[in-house]
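What follows is a set of notes on a single structure, which appears directly below.
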Amino acid sequence: QVQLVESGGGLVPAGGSLRLSCVASGSIVGLNPMAWYRQAPGKQREFVARITVGSDPNYAYSLKDRFTISRDGAKNTVYLQMDNLKPEDTAVYYCKTPWAGRDYWGPGTQVTVSA
């Protein structure tokens, strides 16, 4: 089993910043690809960013100039730095990782950006 726990969400004004964290624990051995997704009310869950074992990042095109994904392998933690936040970034943010043939998701952390 793999457990993922996100943290760092909250309420921020437009233009503000937040850094989300996702800690992986359980059966994972070594580094693993990690990804962030988000789901706004009434919308489908969408891809935000991913990071490979080699720490190569990949972003949703519309977010690449404001969001930065990184990882600390020693802490089994992946981060999502979000800058210049906009009200449309309001969503529950989830991290995901594949392991042993399936995807594992965390419970999510709420990000609310006020206008």
- Within region 74-115, which residues have the backbone N less than 15 Å from the label spot 7 Å out from L31 along Cα→beta-carbon, could you tell me? 74-79
- What is the total of Lys pairs in the chain with C-alpha atoms under 22 Å apart, excluding same-chain pairs fewer than 8 positions apart? 6
- Förster-model FRET efficiency, 30 Å R0, A40 and A100, C-beta, rounded to 0.05: 0.50
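Would you work out the relative contact order for the chain, in percent, from Cα pairs under 8 angstrom that are 6 or more residues apart? Write down the numbers at each step before the final one.
On the way: 276 pairs, mean separation 41.7, N = 115.
Relative contact order comes out at 36 percent.
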- Note on the structure: For region 1-62, inverting the pair-averaged 1/r of distinct alpha-carbon atoms gives a Kirkwood value in Å of 13.7
- Message: Run the simple label-point estimate for Q81 and A115 please: 7 Å along Cα→C-beta, distance reported in nm.
- Response: 3.0
- Query: Listed highest first by mean packing, meaning other Cβ atoms within 10 Å per residue, what order do 22-28, 43-49, 99-105 come in?
  - Reply: 22-28, 43-49, 99-105
- Task: Using a 1.4 angstrom probe, figure out how much accessible area region 51-115 has per residue, in square angstrom, rounded to the nearest whole.
- Result: 52
- For the chain, the accessible surface attributable to carbon and sulfur atoms (probe 1.4 angstrom, ligands and nucleic acids excluded) amounts in percent to 51
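The values are calculated or read from the model by the stated rules, or taken from the named source; none is laboratory data. Since this is a predicted model, take the numbers as computed values, not measurements. Reconstructed Cβ throughout: ideal geometry from the backbone, glycine too, with neighbour counts over all protein chains shown. Side chains included, ligands, DNA and RNA excluded: accessible areas come from the protein's heavy atoms. Shrake-Rupley method; radii C 1.70, N 1.55, O 1.52, S 1.80 Å.
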